[in-house]
Amino acid sequence: MPKIPVANSLALHCAVDDYLWPWQEPTPVVMLHGFARNARFWNRWVPAIAETRRVYRPELLGCGESDVPPADYRFTPQGIAAQVIATLDALSLARVHWVGESSGGIVGLLLAVAHPERIASLTLCNTPIRIPDEIKRIYALDRDSASAAMRAHGVGEWCRQTLGHRLDVEHADPRLCEWVIAEMDRTRPEIAAGLHDCFETIDTAPLLDRIEAPVLLLSGDRSRIASEQQRALVARLPHGRLELFEGYGHGVNLLQPERCARASLDFWRALELA
């Protein structure tokens, strides 16, 4: 599991799932987790995809096994994008199929505009154009902002109180809910707060017309964060396709991982046969 130097003596961890013969060279797949999450959130996708493709699962600084930046570190969209590109360069990944969940999808959209030659396609799960104002207010709990709430309550307790907006708890096994809370609680409050402040500033709407890569959108049709924006996304994207999961809220990447993986594989096969 390589660690790649990316900035200020900090290293980013990337899980690599490679079960192919050395001479097999399909377009690789890069999967980026959502806010304050880590590479383990993709575990159920990997078996299906890794049968035919190499899978790379980077973790943003402060998340998973990546280095934790100092207290005065400031996350920026440009810095995150640069660190991802440095990771692709270090792993000799010239062009990839990008899979992003929630904010990981937002990063993919930014890369598709800034580095179109590196992105063969985008698969975006639960990805909004921007974080809706209603969700910002809900995530703030009893504080002025979501980041202040995370610092005050800790990431685990904040996650527990807001989980229903990030995961459809009606469809989720209670053990999955507890696992998500525990995994997100591994991210330190100051890291989660900094990441959330960063992603709250991003509005991808002005970029959508410029994205030439084919895009597959995967979302529950009842997601309060993403579903209202999915039709707007697919209408604006030059080469977008939408697959809604009827009756599901947020978190289809965890609730229907095998279906999501199959949809992604079919999407890539169709692109490569065209």
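The values are calculated or read from the model by the stated rules, or taken from the named source; none is laboratory data. As the structure is a computational prediction, the values presented were derived from the model and not from experiment. Please note: Cβ atoms are built from the backbone with ideal geometry, for glycine as well, and neighbour counts cover all protein chains shown. For accessibility, only protein heavy atoms count, side chains too; no ligands or nucleic acids. Shrake-Rupley method; radii C 1.70, N 1.55, O 1.52, S 1.80 Å.
Scanning the range 228-259 for residues that are touching a Phe, Trp or Tyr at 6+ places or on another chain (Cβ under 9 Å) and free of Cβ contacts under 8 Å to residues at least 24 places away in the same chain turns up GLN256, ARG259.
A Cβ distance below 6 Å, combined with a sequence gap of six or more or placement on separate chains, defines the contacts here; from the range 186-213, residues that are more than 21 Å from PRO132 (Cβ to Cβ) and among the hydroxyl-bearing types (Ser, Thr, Tyr) reach residues that are modelled with pLDDT of 95 or more and crowded, with 17+ Cβ neighbours inside 10 Å in the pairs THR187/ALA36; THR187/CYS63; THR187/VAL155. Scanning the range 200-214 for residues that are in a helix (DSSP H, G or I) and either open to solvent by 10 Å² or more (accessible area, probe 1.4 Å) or of a type in the set (Asp, Glu) (or both) gives GLU200, ALA205, PRO206, LEU207, ASP209, ARG210.
Screening GLN161 against (1) open to solvent by less than 30 Å² (accessible area, probe 1.4 Å); (2) modelled with pLDDT of 95 or more leaves a single unmet condition, (1).
In the range 137-158, of all residues being assigned to a helix (DSSP H, G or I) and free of Cβ contacts under 8 Å to residues at least 40 places away in the same chain, the one that is surrounded by the fewest Cβ atoms within 10 Å (Cβ to Cβ) corresponds to ARG137.
State whether the residues of the range 254-268 include one that is crowded, with 16+ Cβ neighbours inside 10 Å, farther than 23 Å from TRP42 by Cα and not hydroxyl-bearing (Ser, Thr, Tyr). No, every residue in the range 254-268 fails to be crowded, with 16+ Cβ neighbours inside 10 Å, farther than 23 Å from TRP42 by Cα and not hydroxyl-bearing (Ser, Thr, Tyr).
All of (1) within 15 Å of THR187 (Cβ to Cβ); (2) surrounded by fewer than 19 Cβ atoms within 10 Å (Cβ to Cβ) hold for ARG95 with one exception: (1). Quick one: is THR52 under 21 Å from ALA120 (Cα atoms), surrounded by fewer than 19 Cβ atoms within 10 Å (Cβ to Cβ) and touching a strand residue (DSSP E or B) at 6+ places or on another chain (Cβ under 8 Å)? Judged against the criteria, THR52 is not a match.
Within the range 1-20, the set of residues being over 17 Å from SER92 (Cα atoms) and open to solvent by 100 Å² or more (accessible area, probe 1.4 Å) comprises ASN8, SER9, TYR19.
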